[in-house]
C-alpha cells in the first residue's frame, strides 16, 4: 500500500529541555482536509511549523510524496503557510502582495499580474487590487492572504488559526469559502485551530493533540461520539464522564457500578479491552439524554433535580444533580424543554439508551 502524500514518522521537537512534540506518527492523504486541534501549548502549531520548514524536527522524518523534507528550507517547499496574523506586507498594495511569491520565483511581470488578478477575482476581491492593505476589512485581508498562498498553485496549503481574529459572522462565511475552495482545487489543507466548531465544520479528519502527544485521529463524528481517552471526552463536545467499575460483563452488555448507581452499556463485538472489576470512564453525551416527568422503562434512569440552565439560542444546556450532589448535564432544543416547565429545584427523570454509553477503559482513562 502506498503511503500518504505527507508522512510524519516518529517526529519530535525539543526546545532546550522542553519537549514540545513527543514522537508522533500520522499520514495525510492527497486532497484531504486535515485539522490539528488542541489547547494552547499542545504542540499543534509546532507541528505545522515543522511541515512548513520553519522548524527542524529534533528527530524523525517528514516526507512529501516520498521525498524527505527535513532539511529543506521554507522557500524550497511547496507548502505555503497562511498565518494567524496574515503577515501581509503593508508597504505593498493588494495585487503586489499576491504577486510576491511569483516574483520570488522569477515569473515575468505580465504573467504574475494575470495570475494574481485571476485569484483576486476568484476570492471576490478583484476590485480592491490597487488598494493598500490598511484600507481593507479583516475578511478582505483574509482573502488576500489566501490568494497570495494559492497563486503559486501548491499541492499543500498550511493554515495556522487563520480565522481567529475575525468576527463570528465572518468566521462562518470564511469557513464556507475555505471548504468550497478546498473541494474545487483538490489540494491538501492542513489546518491548525483550537476551535472545535471550525475543525468539525470543515475537516475530513481531525488530529487531537495534548502536551505534544496525539490523543486521537478520526473523522469529526468518530471523535465526537467515540472519544479515545478521557482527555478527548473532556475536550470535545459536552459530555458527562462518569467513573465506575465493571460489575457484569459479556460480549454485548456491560453493567457498571457508579456514583449514579448501576449504568448499562452496549458493547461492540470488537471491543475486548474491558475486564470484570476493571475501572472505566463512561461517556454520555449531553444531547443523548432524555428527560421525562414520569419514570420510564429505560435500563438507565435516575431522578435528578434542576439547578441551572445556560441559554445559547436554540440549544439550552441544563444542569442537574442527584441527591448526592453528582452533576449531570443535558442539552436540548428550546422547544423540547418548554413542555417540561422546569423550575429551580424541581425533580425530573433522566434516562438514556445503553447504546449511547461509550466506555473508556482504565488504560485510557487519564
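The values are calculated or read from the model by the stated rules, or taken from the named source; none is laboratory data. Please read all numbers here as calculations on a predicted model, not as lab measurements. Cβ: placed from backbone, ideal geometry, glycine included. Neighbour counts: every protein chain shown.
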- Message: The conditions are (1) assigned to a strand (DSSP E or B); (2) in contact (Cβ under 8 Å) with a residue 40 or more places away in the chain; (3) under 21 Å from the mean Cα position of the chain (by Cα); (4) farther than 21 Å from residue 84 by Cβ, and residue 34 fails exactly one of them. Which is it?
- Response: (4)
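Residue-wise test of (1) outside the structural domain of residue 140 (by TED's automatic domain parsing); (2) crowded, with 17+ Cβ neighbours inside 10 Å; (3) in contact (Cβ under 8 Å) with a residue 24 or more places away in the chain.
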| site | (1), (2), (3) |
| --- | --- |
| 66 | no, no, yes |
| 85 | no, no, yes |
| 105 | no, no, yes |
| 108 | no, no, no |
| 116 | no, yes, yes |
| 125 | no, yes, yes |
- Mind counting the residues in region 328-361 that are touching a strand residue (DSSP E or B) at 6+ places or on another chain (Cβ under 6 Å) and without any contact (Cβ under 8 Å) to a residue 24 or more places away in the chain? 1
- Message: Among the listed residues 327, 310, 321, identify the single one that is assigned by TED's automatic domain parsing to the domain that holds residue 248, surrounded by fewer than 16 Cβ atoms within 10 Å (Cβ to Cβ) and modelled with pLDDT under 95.
- Response: 310
- Item | Selection status of residue 149, surrounded by 19 or more Cβ atoms within 10 Å (Cβ to Cβ), within 28 Å of residue 40 (Cα to Cα) and in contact with a strand residue (DSSP E or B) (Cβ under 9 Å, 6 or more places away or on another chain) | yes
- Considering region 213-223 alone, what residues qualify as being at pLDDT below 95 and over 19 Å from residue 32 (Cβ atoms)? none
- So which residues in region 293-307 are within 19 Å of residue 354 (Cα to Cα) and at pLDDT below 95, if there are any at all? 295, 296, 297, 298, 299
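Please pick out the residue among 38, 4 that is at pLDDT below 95 and in contact with a helix residue (DSSP H, G or I) (Cβ under 9 Å, 6 or more places away or on another chain).
38
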- Query: Is region 167-174 home to any residue that is at pLDDT 90 or above, more than 10 Å from the chain's Cα centre (by Cα) and in the same structural domain as residue 77 (by TED's automatic domain parsing)?
  - Reply: no
- Message: If residue 324 meets every condition in (1) free of Cβ contacts under 8 Å to residues at least 40 places away in the same chain; (2) part of a loop (DSSP other than H, G, I, E, B) apart from one, which number is that one?
- Response: (1)
